[in-house]
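The values are calculated or read from the model by the stated rules, or taken from the named source; none is laboratory data. Keep in mind that this is a model prediction, so the values were computed, not measured. Neighbour counts are summed over all protein chains in view; Cβ atoms, including those assigned to glycine, are modelled from backbone coordinates with ideal geometry.
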């Protein structure tokens, strides 16, 4: 599931590349394609090497992901998505969870729960924020090298 045009128009300002002073080096990649590749890895939890061929090389996606993590771009995006959800009333920041413990449901409780198709679609902002907040993304979001 790649970003649609409307979604990219909201996120694009966060991923505008800085102009290069030198003409040497790697040719520039499309930030949207790289972001789609990064989101695919974070969403699936797959290794970078398993990135499908429709995305830029996994080395490029990983390098850009590290750069975005180190310069705070991903934190800015996450804050913007949560602020947008809050402004539209789709998330209540007063509700939070301290740990991952849960209570098991009693027999027959599943019949009372709406089926997933009946719940309706979730917003793409929430889905993207959940990718960044999922446990499988935590190791990738931790700094790879200490800042000097």
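Across segment 1-16, which residue is nearest to the chain's Cα centre (by Cα) among those that are exposed (fewer than 11 other Cβ atoms within 10 Å of the Cβ) and free of Cβ contacts under 8 Å to residues at least 60 places away in the same chain? For segment 1-16, the residue satisfying everything is 1. Whether any residue in segment 29-49 is in a loop (DSSP other than H, G, I, E, B), touching a helix residue (DSSP H, G or I) at 6+ places or on another chain (Cβ under 8 Å) and more than 16 Å from residue 65 (Cα to Cα) is what I want to check. No, segment 29-49 contains no residue that is in a loop (DSSP other than H, G, I, E, B), touching a helix residue (DSSP H, G or I) at 6+ places or on another chain (Cβ under 8 Å) and more than 16 Å from residue 65 (Cα to Cα).
Checking the condition at pLDDT 85 or above, over 16 Å from the mean Cα position of the chain (by Cα) and surrounded by fewer than 16 Cβ atoms within 10 Å (Cβ to Cβ), which residue from 47, 27, 57 passes?
That would be 57, the only listed residue that is at pLDDT 85 or above, over 16 Å from the mean Cα position of the chain (by Cα) and surrounded by fewer than 16 Cβ atoms within 10 Å (Cβ to Cβ).
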